[in-house]
1. Val231 versus (1) surrounded by 24 or more Cβ atoms within 10 Å (Cβ to Cβ); (2) over 28 Å from Glu171 (Cα atoms): which is the lone unmet condition?
2. Among the numbered criteria (1) part of a loop (DSSP other than H, G, I, E, B); (2) under 27 Å from Glu324 (Cα atoms); (3) touching a helix residue (DSSP H, G or I) at 6+ places or on another chain (Cβ under 7 Å), which one does Asp79 miss?
3. If you check Arg200, Arg185, which single one turns out to be charged (D, E, K, R), open to solvent by 20 Å² or more (accessible area, probe 1.4 Å) and assigned to a helix (DSSP H, G or I)?
4. Enumerate the pairs (first residue in region 245-270 and without any contact (Cβ under 8 Å) to a residue 60 or more places away in the chain and open to solvent by 10 Å² or more (accessible area, probe 1.4 Å); second residue anywhere and among the aliphatic types (A, V, I, L, M) and assigned to a helix (DSSP H, G or I)) with beta-carbon separation below 7 Å, excluding pairs fewer than 6 apart on the same chain, so at least 6 apart or on different chains.
5. Quick one: in region 34-46, which of the residues that are under 16 Å from Glu60 (Cα atoms) and out of contact with any Ser or Thr (no Cβ under 8 Å at 6 or more places or on another chain) is surrounded by the fewest Cβ atoms within 10 Å (Cβ to Cβ)?
6. Before we move on, is Leu55 at pLDDT 90 or above, open to solvent by less than 30 Å² (accessible area, probe 1.4 Å) and not hydroxyl-bearing (Ser, Thr, Tyr)?
7. So Leu321 passes all but one of these: (1) under 20 Å from Pro202 (Cβ atoms); (2) modelled with pLDDT of 95 or more. Which condition number does it fail?
8. Which condition from (1) farther than 30 Å from Ala121 by Cα; (2) within 25 Å of the chain's Cα centre (by Cα); (3) not in a strand (DSSP E or B) is the one that Ile52 breaks?
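The values are calculated or read from the model by the stated rules, or taken from the named source; none is laboratory data. Model, not experiment: these values are computed from the prediction. Every residue, glycine as well, gets a Cβ built from its backbone with ideal geometry; the counts of neighbours run over all protein chains shown. Side chains are part of the model used for accessible areas, which takes the heavy atoms of the whole protein and leaves out ligands, DNA and RNA. Shrake-Rupley method; radii C 1.70, N 1.55, O 1.52, S 1.80 Å.
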Amino acid sequence: MVVVMKERATEAQIDVVIARLIELGMDVHRSSGATRTVLGVVGAHKIDPQLIGILDGVHEVLRITEPYKRASRAFKPDDTIVQLDDVRIGGDEVIVMAGPCSAETDEQVMASAAAVKRAGAKILRGGAFKPRSSPYSFQGLGEQGLQMLRRAADAHNLKLVSEVMDVSQIELIGKYCDIYQVGARNMQNYSLLRELGHARKPVLLKRGISATIEEWLLSAEYVLAGGNMDVMLCERGIRTFESYTRNTLDISAIPVVQKLSHLPVLVDPSHGTGRRDKVSPMARAAVAAGADGLIIEVHCDPDHAKSDGAQSMFPNQFDRLMAELRVIAPAIGRSICVEPVARRGWNR
């Protein structure tokens, strides 16, 4: 449930309400806005709202009807901003993560990192453990690949995101990466999600290939319930009857999720289409629809890439895309790869 405090509720009154909720065995998340304080309340059992509603300073007590609680915007009305030093995901600036699908050689990773940094990306993406549909496809270089990616990220002052596939990999990947990525195949790997809830690094959760938005948010709830509030959602296309593209990128999911949840929403147009020539149009559409960020595959020689070369952009294509996005973002009151601009009071 949600406890909305009165506009002039004092800190002492708020503290009393929080203490009472904790006494009743509830977990409390405080969100203080410009005029009101909202307390998100979650627990294993139900309590009578009237027990809280009669306390001094309480304006109203509301039940959260959605099955996901912590991920709900009712629980936390203000947008969540995931901060990594000076990189803020979910704020005014649209953050771009870019790089090769997988680490192959030091030269390839370093060249890709240099290219995406030059174009304006803030985060290097790259895989060291690759979940492939075929057991005979390239599976990644493991820790050696993580070392390559970390060196390249450090050399170009980039943050690093890479995929974690199993609970046993969390500690190893955490040594090298700034963000854990959970791929579409693992969106409902609840053991992995629970453990990432105890991690103290952000999690980028991709939507499952056939998952509804509610199922996606419930998966995020597993991470949030463990205490890790730095969760980002990534739309990467869903399976439909259409076969021309690899997946069908659900652009409508962006405003839908932003209405339902406070979590940042990113878009992966590379996996969303599976076609290099469709990445730019979908990236432009995603930013126009309000995405908080993009994750894009860029490779210096994609025609010879060991994985997903057909959907990886050449550096010059990525350069042009970033220039186009710098035109689109200000039209909706945002910025990209420059100093953040004011949102001019616009609401989502």
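1. Every listed condition holds for Val231 apart from (2).
2. Single failed check for Asp79: (3).
3. Arg185
4. As it stands, the answer is Leu249/Met282; Ile251/Ala285; Ile251/Ala286; Val256/Ile213, since those pairs meet every condition given.
5. So the first thing to find is which residues in region 34-46 are under 16 Å from Glu60 (Cα atoms), and the list is 35-41.
Among the residues that remain, those that are also out of contact with any Ser or Thr (no Cβ under 8 Å at 6 or more places or on another chain) are: 35-36, 41.
Values: Thr35: 8, Arg36: 15, Val41: 25.
Step by step, filter region 34-46, then rank; the result is Thr35.
6. On the way: at pLDDT 90 or above: yes; open to solvent by less than 30 Å² (accessible area, probe 1.4 Å): no; not hydroxyl-bearing (Ser, Thr, Tyr): yes.
Here the answer is no, as Leu55 does not meet what is asked.
7. Failed condition: (1).
8. Condition not satisfied by Ile52: (2).
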